[in-house]
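Student: Following this message is one structure expressed as structure tokens.
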Amino acid sequence: MIVSATEMLKKAHEGHYAVAQFNINNLEWTKSVLTACEEMKSPVILGVSEGAGKYMCGFKTVADMVKNIHDALGITVPVAIHLDHGTYDGAKAAIEAGFTSVMFDGSHYDIEENIEKSKEIIALAHSKGISVECEVGGIGGEEDGVTSMGEVADPEECRRVNELGVDFLAAGIGNIHGKYPANWAGLNFEVLGKIQEVTNGRPLVLHGGSGIPVDQVKRAISLGVSKINVNTELQLVFADATRKYIEEGNDQKGKGYDPRKLLAPGAKAIIEKCKAMIVDFGSDNKA
Ligand code: 13P
């Protein structure tokens, strides 16, 4: 069922678990993620960055591909097609192309401009039944050329963005996109607690979900995190499985070079990783 992310995240917040946003990069990724979520009876948010959207020949191609794969596989769990870290123009384009959820990331603007632009995107998206995520305070690291120092969000700014009626809110709490460095200080739970207090039970979003120790994930969920974004982790298991296949010489045996065979171990590795993370986040059997 293709839906906006509003209801699934409200339920997750009430039920004290988190729904994964698994970012997709191509057809194999989409098929693997949807297969894993159907098997686990878990709702899911498919994240598409602007870079990944461009790579897959535009938002319309992505939206149509997801809908067709969803139908072909007979997926019954709730699935949202979500723009990840959208610009102002990107969010409008994704809404137009048939996405069911968008993130407008205005965290690099000053707070007044972030609020103005967030307000406009929220009004436009809500007029079409589409859910919106906004961001306060940057997420550290680099994703698709978007870099940030990883500020810790100001709870007062979170309160103001929350009042706009955003559906779920991403706030920097020391989380980082990509691999965490060995000297990473961990998530800032004190600030997360304050943010949840001033946002009146709004579902919160944890970006940079790859490589966060499970105890920190569970504590974040207990403090109001209802959506966790994962991209790097799936890229790593895909690359590892593909490397192993080639290093073992399997592409040279028979027709092992056939892309359907070459990409199969990576696709399987994505399914297994998604299933394990769904259990960690507690969204299994919640569809
Ligand atoms: P990771 O690549 O670190 O998992 O982060 C994903 C993310 O936050 C997408 O917005």
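The values are calculated or read from the model by the stated rules, or taken from the named source; none is laboratory data. Quick caveat: nothing in here was measured; it's all calculated off a predicted structure. Cβ atoms come from the backbone with ideal geometry, glycine included; neighbour counts cover every protein chain shown.
Student: Does VAL19 fit the bill of being buried (at least 24 other Cβ atoms within 10 Å of the Cβ) and over 14 Å from the mean Cα position of the chain (by Cα)?
Tutor: Criteria not met by VAL19.
Student: Ok, one more. If ASN231 satisfies all but one of (1) within 22 Å of LYS119 (Cα to Cα); (2) within 16 Å of the ligand (Cβ to nearest atom); (3) at pLDDT 95 or above, what's the number of the condition it fails?
Tutor: Every condition holds for ASN231 apart from (1).
Student: Can you name every residue in the range 3-29 that is out of contact with any helix residue (DSSP H, G or I) (no Cβ under 6 Å at 6 or more places or on another chain) and part of a strand (DSSP E or B)?
Tutor: Across the range 3-29, the qualifying residues are GLN21, ASN23.
Student: Quick check, is ILE270 surrounded by 14 or more Cβ atoms within 10 Å (Cβ to Cβ) and closer than 17 Å to GLY47 by Cα?
Tutor: In short, yes.
Student: Moving to a separate point now. Being surrounded by fewer than 19 Cβ atoms within 10 Å (Cβ to Cβ), in a helix (DSSP H, G or I) and in contact with a Gly (Cβ under 9 Å, 6 or more places away or on another chain) is the filter here; which residues of the range 94-114 pass it?
Tutor: Within the range 94-114, ALA97, GLU113 qualify.
Student: Can you find a residue that is more than 30 Å from GLU112 (Cβ to Cβ), out of contact with any helix residue (DSSP H, G or I) (no Cβ under 9 Å at 6 or more places or on another chain), more than 16 Å from the ligand (Cβ to nearest atom) and not charged (D, E, K, R) anywhere in the range 202-223?
Tutor: Yes.
Student: Specify the residue that is surrounded by the fewest Cβ atoms within 10 Å (Cβ to Cβ); the eligible residues are those in the range 197-222 that are closer than 20 Å to CYS158 by Cα and among the hydroxyl-bearing types (Ser, Thr, Tyr).
Tutor: SER222
Student: Could we say that LYS253 is touching a helix residue (DSSP H, G or I) at 6+ places or on another chain (Cβ under 8 Å) and at pLDDT 95 or above here?
Tutor: Here the answer is no, as LYS253 does not meet what is asked.
Student: As an exercise: evaluate ALA72 against (1) surrounded by 15 or more Cβ atoms within 10 Å (Cβ to Cβ); (2) more than 16 Å from the ligand (Cβ to nearest atom); (3) assigned to a helix (DSSP H, G or I); (4) of a type in the set (Gly, Ala, Ser) and give the number of the one condition it does not meet.
Tutor: (1)
Student: Residues in the range 75-128 that are of a type outside the set (Lys, Arg) and away from the ligand (no atom under 16 Å from the Cβ): how many?
Tutor: Here the count works out to 30.
Student: Would you say ARG243 is closer than 22 Å to ILE111 by Cα and either among the small types (Gly, Ala, Ser) or at pLDDT 95 or above (or both)?
Tutor: Spelling it out, it is not the case that ARG243 is closer than 22 Å to ILE111 by Cα and either among the small types (Gly, Ala, Ser) or at pLDDT 95 or above (or both).
Student: Can you pull out every residue in the range 26-51 that is under 23 Å from GLY86 (Cα atoms) and crowded, with 19+ Cβ neighbours inside 10 Å?
Tutor: Matches in the range 26-51: TRP29, THR30, VAL33, LEU34, PRO43, VAL44, ILE45, LEU46, GLY47, VAL48, SER49, GLU50.
Student: Hey, can you tell me all the residues within the range 234-264 that are over 20 Å from LEU46 (Cα atoms), of a type in the set (Phe, Trp, Tyr) and either within 16 Å of the ligand (Cβ to nearest atom) or crowded, with 18+ Cβ neighbours inside 10 Å (or both)?
Tutor: Result: TYR245, single match.
Student: I need the full set of residues from the range 166-207 which are touching an Asp or Glu at 6+ places or on another chain (Cβ under 8 Å), closer than 19 Å to ASP105 by Cα and of a type in the set (A, V, I, L, M), in order please.
Tutor: Within the range 166-207, VAL166, LEU169, ALA170, ALA171, VAL205 qualify.
Student: Next question, about the same structure. Tell me yes or no: at least one residue of the range 250-265 is within 19 Å of ASN25 (Cβ to Cβ) and in contact (Cβ under 8 Å) with a residue 60 or more places away in the chain.
Tutor: yes
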